[in-house]
Amino acid sequence: MAQADTPKLDQGDSFPPMTISLLDSSTLTLPDDLNADFTVFLGYRGKW
């Protein structure tokens, strides 16, 4: 069930900062580690 108070991004909003653990035990900090004008982010939460 989706949370009713979860903030949604609108067009022109900045991506919220977050750190993601990668499979090789390194981390990726978004959006700081990206060096592009445009990026598509696809995430899969897996099993909770």
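The values are calculated or read from the model by the stated rules, or taken from the named source; none is laboratory data. Remember, predicted model here, so these are calculated numbers, not experimental data. Positions of Cβ are backbone-derived with ideal geometry, glycine not excepted, and every protein chain shown enters the neighbour counts.
Based on this model, can you work out whether SER14 counts as on the phi < 0 side of the Ramachandran plot, surrounded by fewer than 10 Cβ atoms within 10 Å (Cβ to Cβ), hydroxyl-bearing (Ser, Thr, Tyr) and modelled with pLDDT of 85 or more?
When the stated conditions are applied, SER14 does not pass them.
Please go through region 9-40 and pick out each residue that is among the β-branched types (Val, Ile, Thr) and part of a loop (DSSP other than H, G, I, E, B).
THR39, VAL40
Hey, ASP5 hits all of (1) assigned to a loop (DSSP other than H, G, I, E, B); (2) at pLDDT 80 or above but one; which does it fall short on?
If we test ASP5 against (1) assigned to a loop (DSSP other than H, G, I, E, B); (2) at pLDDT 80 or above, just (2) comes out false.
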